[in-house]
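A.B. asks: Below are the structure tokens for one structure; questions will follow.
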Amino acid sequence: MVEYELLQTASYLIAALSFAITCAYYIMNLRNTQKNMELTLETRRISLVRDLTKSMTDVDGLSSYIEQMGWEWKDYGDFEKKYGTENNVSAAAKRFAIWNNFNSTGAMLRKGVVGIEDLYDIGGNGVLFYWEKYKSVIEEGRRRYFGKENMKDFEYYAGEMLKYVREKDPSYTVPMTLDKYISDK
């Protein structure tokens with residue numbers, strides 16, 4: 001009888017030990033899976049930031065951006081004559097490509113998919129110059145054609161970037177020009 005009780009106790013101990021080992025193995029697997037998921041999400045986020053900003057970091061995108069920073073106009077009517085869809089399809093396409101890029105990036109920023117620091121780190125503060133230059137044109141386009149929601153995430157992106165830059169340098173102001181040299185005088 002004693003042998004039977006010892007055998008029964010041993011089988012209980014083996015079952016309990018097996019259960020404990022199984023639990024420990026399961027917990028280790030859960031932790032590894034969680035770490036892998038975090039790494040995958042971080043990789044996807046970095047990839048998204050790169051994809052969102054690719055057109056602003058390649059030669060063609062930068063050339064278009066710099067060209068547009070040099071455009072000049074007197075008022076909205078003059079702007080439309082020089083760069084609008086009716087008279088200059090190529091210029092309008094270049095402009096809308098950048099506007100849509102900044103708007104898409106702003107939407108991802110607003111939704112928390114990307115962070116402002118990520119965008120700043122890859123040169124995303126260029127949105128500040130571009131927004132300052134085209135703000136009045138976008139606002140007039142909203143009034144005349146598109147409604148107040150048009151390019152709202154572009155505006156959001158510029159606003160968040162300005163806040164971020166001013167946290168780093170409270171005296172920062174957006175220059176009124178980017179394509180012309182500003183002397184120290």
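Values quoted throughout were computed directly from the atomic coordinates according to the rules given, and no laboratory measurement underlies them. All of these numbers come straight from a predicted model, not from anything done at the bench. Neighbour counts are summed over all protein chains in view; Cβ atoms, including those assigned to glycine, are modelled from backbone coordinates with ideal geometry.
A.B. asks: Would you mind checking the tilt of helix 152-168 against the longest principal axis of the Cα atoms of the chain, expressed as 0 to 90 degrees and rounded to 10?
C.D. replies: Between the helix axis and the principal axis of the chain, the angle is about 80 degrees.
A.B. asks: Among Y12, Y172, what is the fewest-to-most ranking by other Cβ atoms within 10 Å?
C.D. replies: If I rank by nearby Cβ atoms, fewest first, I get Y12, Y172.
A.B. asks: Now a separate question. If one takes the longest principal axis of the Cα atoms in the chain, at what angle in degrees, from 0 to 90 and to the nearest 10, does the Cα axis of helix 89-110 lie?
C.D. replies: 40 degrees
A.B. asks: Among G147, G84, G61, which one moves the most in a GNM of the chain with springs linking Cα atoms closer than 10 Å?
C.D. replies: Looking only at G147, G84, G61, the biggest GNM fluctuation is shown by G147.
A.B. asks: Once you place label points 7 Å from the Cα toward the Cβ at W73 and N100, how far apart are they in nm?
C.D. replies: 1.9 nm
A.B. asks: Enumerate the calculated ³J(HN,Hα) couplings along the range 77-85 in order (Karplus 6.51 cos²θ - 1.76 cosθ + 1.60, θ = phi - 60°), each rounded to whole Hz, writing x wherever the residue is Gly or Pro.
C.D. replies: x, 5, 4, 4, 5, 7, 10, x, 5
A.B. asks: Could you line up K81, K152 from fewest to most neighbouring Cβ atoms inside 10 Å?
C.D. replies: K81, K152
A.B. asks: Let me ask something else. So, how do all the Cα-to-Cα distances of the range 48-168 break down into 5 Å bins, in percent, from 0 on up?
C.D. replies: Values per bin, smallest distances first: 2, 11, 22, 24, 20, 13, 6, 2, 0.
A.B. asks: What's the lysine pair count for the range 1-118 at a Cα cut-off below 16 Å, pairs eight or more apart or interchain?
C.D. replies: Lysine pairs meeting the criterion: 4.
A.B. asks: Moving on. Can you give the extra length, in nm with one decimal, that the chain gains between Y25 and R144 once fully stretched, where that is 0.36 nm per residue apart less the Cα-Cα distance?
C.D. replies: 36.4 nm
A.B. asks: Arrange S64, S171 by Cβ neighbour counts within 10 Å, fewest through most, would you?
C.D. replies: S171, S64
A.B. asks: Between the range 133-166 and the range 1-66, what is the C-alpha centre distance in whole Å?
C.D. replies: Each part reduced to its Cα centre gives a spacing of 41 Å.
A.B. asks: Now for a separate question. Under a point-charge model restricted to the Cβ atoms of Lys and Arg (+1) and Asp and Glu (-1), what is the dipole moment magnitude of the range 45-185 relative to its Cα centre, in debye to the nearest 20?
C.D. replies: Its charge dipole is roughly 300 debye.
A.B. asks: Which of M161, M69, M37 ends up with the largest GNM mean-square fluctuation for the chain, with Cα atoms connected below 10 Å?
C.D. replies: In the Gaussian network model the winner is M37.
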